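For reference, the structure discussed in these notes is given below.
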Amino acid sequence: MNHFERRDLVTGEAGHGSLYCEGVPLERIAREVGTPTYVYSKATVTRHVRVWLDAWGGLDHQMCFAVKACSNLAILALMAKAGAGFDIVSEGELARVLRAGGRADKVVFSGVGKTRHELLAALEAGVGCINVESADELVMVDEVARTSGRRAPVSLRVNPDVDAKTHPYIATGLMRSKFGIAWAEAPSLYEAARALANVDVIGVDCHIGSQLESEKPFVEALDRVLDLVADLAARGFGIRHIDIGGGLGITYRDETPPSPVEYVNAVRARLEARGMEHLRVLTEPGRVIVGNAGCLLSRVVLTKHNGPTRFVVLDAGMNDLIRPALYQAWHAIEPVAAPRDEVELVDVVGPVCESGDAFAKDRSLPRLVAEDLVILRSAGAYGMVMASNYNSRPRPAEVLVDGDRFHIVRARETLDDLVRGEVIPEV
């Protein structure tokens, strides 16, 4: 569910008129903030958080929002106020969480290449758990903990070799993936961790990928995790939690992923079948919380023909939203004003000097002309967080809509911002 819908600009009633985000016309945001701009619905974000938390019922559960999906401070503050924890993959994400009011003891630190400096920052902040991804990292964590005079709470991220049936760039649970610890090596590495003087082994971690459209891969991975927990219990380990990652998909086009309730029911059934419902369950949802809560608002610069192909050129490019270029991702594209009756087959592209700078090819859309406003839907996750300054283009503004008001939660970059930190040496 999201709060982007068409309303009559005069009456404000739902209908076939202009696109609104909650109670704010997107035309107003474009007029006052400019384009391209990321627009988020507070009502959608908070509703999705509540649905996720409520789905867990009586199970001992901690939601750790995946900061990499959307890291704006305003979004993170909404999560913190709702009681969520956070899944981070860098010191920068930790700094954002703390600045947004998040609790360090509800943070899990993931990632395959944490530096000593980042590990020290995490320990000094008092993060709840470090998800260790290799034998070398385990040694590093112990050394950093020793030199800092702190103990490191750790889980080992195990790689269950489960095919998530998703895009290969976002599949993380296969043996060929760079993430996690090989399944066969996990028991011996847990024994090694127990022998370290400055490490507390508290959990088992697993994450198999993103944009999953079935609960079956989750269940398969969970069964393997529970097998490991049982093995560790027999060895005398006191495992306090399992972290089963995130990855639940959303609807971009015609996907039908499980609902949070269906996903949780599948997890609950496996825990009960194994007699392990006492375990605390950590989850790392990201896309499912914010994906459909945001859109990218853009303006048509011009249209052109190259032979039989009609191009609609936007002022947003692959530097603003790279998912179509990187993942061949599909985003719904709609005019902000009431759609024209005439429909055309077009390529929707950006201004970046790359042939891959295309949002849609051979897409049937209502006729668009210069100065028309459009939105690219489902851009709340892996949108602004992956934006760049390629072609020396300032990154977009970000806006959070709250009822009939909106707030600029990240100012549009300026040309001065593009060269901030750069110097021309005297030669």
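The values are calculated or read from the model by the stated rules, or taken from the named source; none is laboratory data. Since the structure is predicted, the reported quantities are computational estimates derived from the model, not experimental observations. Don't worry about glycine lacking a Cβ; one is built from the backbone with ideal geometry, like all the others, and counts go over all protein chains shown.
A few remarks follow.
- Output for region 357-402, where each listed residue is in contact with a strand residue (DSSP E or B) (Cβ under 8 Å, 6 or more places away or on another chain), part of a loop (DSSP other than H, G, I, E, B) and over 30 Å from Pro308 (Cβ atoms): Gly380, Ala381, Gly383, Pro396
- Residue match in region 106-128 (condition: modelled with pLDDT of 95 or more, basic (Lys, Arg), under 30 Å from Lys81 (Cβ atoms) and buried (at least 20 other Cβ atoms within 10 Å of the Cβ)): yes
- Members of region 176-221 that are part of a loop (DSSP other than H, G, I, E, B), of a type in the set (S, T, N, Q) and over 21 Å from Tyr263 (Cα atoms): Ser177, Asn198
- Those residues of region 74-99 which are within 15 Å of Thr46 (Cβ to Cβ) and small (Gly, Ala, Ser), in sequence order: Ala74, Ala77, Ala80, Ala82, Gly83, Ala84
- Complete set of residues in region 104-157 that are part of a loop (DSSP other than H, G, I, E, B) and of a type in the set (D, E, K, R): Lys114, Glu133, Arg150, Arg151
- For region 347-373, the set of residues classified as in contact with a Leu (Cβ under 9 Å, 6 or more places away or on another chain), touching a residue at least 40 places away in the same chain (Cβ under 8 Å) and more than 26 Å from Asp8 (Cα to Cα) consists of Pro351, Phe359, listed by residue number.
- Residue check, Ile408 surrounded by 12 or more Cβ atoms within 10 Å (Cβ to Cβ), out of contact with any Gly (no Cβ under 7 Å at 6 or more places or on another chain), over 30 Å from Gly249 (Cβ atoms) and in contact (Cβ under 8 Å) with a residue 24 or more places away in the chain: yes
- Close pairs from region 119-148: first on the phi > 0 side of the Ramachandran plot, partner at pLDDT 95 or above and of a type outside the set (S, T, N, Q), Cβ under 8 Å, at least 6 apart: Gly126/Ala104; Gly126/Asp105
- Of the residues making up region 326-352, those that are aliphatic (A, V, I, L, M) and part of a strand (DSSP E or B) are Ile333, Val343, Leu345, Val346, Val348, Val349.
- Single match in Gly286, Gly247, Gly317, Gly294 (criterion: modelled with pLDDT of 95 or more, buried (at least 19 other Cβ atoms within 10 Å of the Cβ) and within 30 Å of Ala184 (Cα to Cα)): Gly286
- Inside region 61-83, residues that are among the small types (Gly, Ala, Ser) and buried (at least 23 other Cβ atoms within 10 Å of the Cβ) make up a count of 2.
- Which numbered condition Arg253 misses (of (1) under 22 Å from the mean Cα position of the chain (by Cα); (2) surrounded by 15 or more Cβ atoms within 10 Å (Cβ to Cβ)): (2)
- For region 44-60, the set of residues classified as surrounded by fewer than 18 Cβ atoms within 10 Å (Cβ to Cβ), on the phi < 0 side of the Ramachandran plot and in contact (Cβ under 8 Å) with a residue 40 or more places away in the chain consists of Arg47, Val51, Leu59, Asp60, listed by residue number.
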